[in-house]
Each structure stands twice: as C-alpha cells, then as structure tokens.
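Please treat every number below as a calculation from the coordinates, not as lab data. These figures come from a predicted structure and were not determined experimentally. Ideal geometry is used to build each Cβ from the backbone, glycine not excepted, and the neighbour counts take in all protein chains shown.
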Amino acid sequence: MRLATWNVNSIKVRLEQVLAWSAEARPDVLALQETKVPDEQFPREPLEAAGWHVAFHGQRAYNGVALLSREPLADVAAGIPGLDDDQARVLAATVSGVRVVCVYVPNGEAVGSEKYAYKLRWMAALREHLAELLRAHPLLAVAGDFNVAPEPRDVHDPLVWEGRVLYSEPEREAFRALLALGLCDTFRRFDQPEGSFSWWDYRMRAFQRNMGLRIDHILASPELCERCTACRIDRTPRGWERPSDHAPVVADFDL
DNA sequence: ATGGCTACGATCCGTAGA
C-alpha cells in the first residue's frame, strides 16, 4: 500500500493538481490537509469520477482534512474523542486493514501566544488518542501536517529557527512524545538527501533557495513500520504554477 | 527593518498560515 500526505492549502484551488499528481505518483491512500471548505462544498464528484473513495471533515475558510482511497474507507471518524475542538483537524478511516489517521496539527502562530498554548494542549490530546488507537490497531498510520520540525537536520538553518514556533523545544518534545508511544518516523527509516524539507515559505524565493522545513510526516505503528519499504518527499508539485507551500510525503508498505 | 506570499471572506483590508 502506498500512503501519501499533502497539505494542499485549499482543495478548491489545488483540485487539478491533486488529480494530476495522484495520477502520476499513484498513492492508494492520500491524506489531505487545509482543504478549507465546508463539507457541502467539498469537490466529491470530480474526485469520485477519478476513481477515489472520499471522506472529508471540513469547515469554512480554515483547516479541513480529507482522505482519498482507491479501496473503500471503513469506520470513518472525525476529531479527537473527548477533545472539545471546533477546528476540523483529524479524520480517521480503515482501509485494507490499516487504520489511517489524517492530522492537521495547529500552527501555533508564535511561541508564548494563545495559539501556541492551544497547539501544545492539542498535541497532548492527540498523544492520548493515539495511545488508545495503538492498543486497538496493530496496523496504524498517522499522516499529516504536524507543524513540527523534529530535528536540526529538518530545518534549513537551525540557529535561525532555534526557539521559534515549529521548532521550539516544547513542540519537538511533544513530537518525540508521539514517537515514544512506539510510532516510527517512516522518513528516517531510510537514507535521505541532506536538505530534505516538505514546506517552503511562499516568500523570498524560499523554495528555489531550499530554505524549508520538514514538518509533514508519516508515522507508523511498530508492526506497520516493519513493513515500510520506502518513504520520500516529492518536491515536484511545489515547483508547479500556483503551488501549495507544502510538498507531498509518500510511504510504501508491504502488506 | 517584522517586510517578504497566498487563500479566504469580507470588501479594496484583515485574519491566518508557517
């Protein structure tokens, strides 16, 4: 099974790119973030016409997550149980025996802000939820925009980013707490080029200068991690006209 | 020097992203 995640920064704007990229990269399951549409406006028909089963959990203007799958999606569930959250950030479904969780972790705005506190609370709630899911699902994948660069090598200039949102120690600690549940970062199971990033600012020609961060991740439960045969970042669509600021991450599993 | 893009929903600027 090939699983991909992509923060598309508006499914309306990026629909043609999702169709074009997925036709080329051929994921079996594609987790999308920042769809930015209420459910009644999600472009279900063109995606179904392209052969996708779709599930979506969105809201007007902000956030929004979706799952596209070649095989039917079962037991679709939105949100984190017990977390009172009016932001559409989590969608889970079972496909081909794998529980797939699509996550859009809050950005956090700035260290010390109210949104930063919300981000850390939210990540703690996600951790508790994933601990439960791991007990129930030996084959568990968590794919999405985590808005955390875990290590210095995931940041184009760690000194500049030290202490800033997306790379601050409390955020990295919260990410490590997810790995401590037994989840693996599939990308780091394999040799990767230096300067491997998944997000580049729209400004300052950041993509052309490879001034990026690796903040989009595919995590896997121990049993699923053992079956992971590859993981890579596909920078191709970041170079297209009118791109998302994120690139897709793609992982292959031998199932 | 706090800008620099992009998307959205409201108007022709503010909020949010990262």
* To do: Using the structure shown, decide if A:R242 is assigned to a loop (DSSP other than H, G, I, E, B), in contact (Cβ under 8 Å) with a residue 60 or more places away in the chain, over 16 Å from A:G144 (Cβ atoms) and within 16 Å of DNA strand B (Cβ to nearest atom).
  => yes
* Structure fact -> Residues of the range A:200-216 being of a type in the set (D, E, K, R) and free of Cβ contacts under 8 Å to residues at least 12 places away in the same chain, in sequence order, are A:R203, A:R205, A:R209
* **Residues that are in a helix (DSSP H, G or I) and within 17 Å of the chain's Cα centre (by Cα), drawn from the range A:126-163** => A:L126, A:R127, A:H129, A:L130, A:D154
* Within the group A:R44, A:R60, A:R70, which residue is basic (K, R), closer than 24 Å to A:R235 by Cα and surrounded by fewer than 19 Cβ atoms within 10 Å (Cβ to Cβ)? -> A:R70
* To do: Looking only at the range A:15-25, decide whether some residue is within 16 Å of DNA strand B (Cβ to nearest atom), under 21 Å from A:R2 (Cβ atoms), of a type in the set (V, I, T) and touching a helix residue (DSSP H, G or I) at 6+ places or on another chain (Cβ under 8 Å).
  => yes
* To do: Output the number of the condition that A:M123 fails; it satisfies all remaining conditions of (1) more than 14 Å from DNA strand B (Cβ to nearest atom); (2) under 25 Å from A:L68 (Cα atoms).
  => (1)
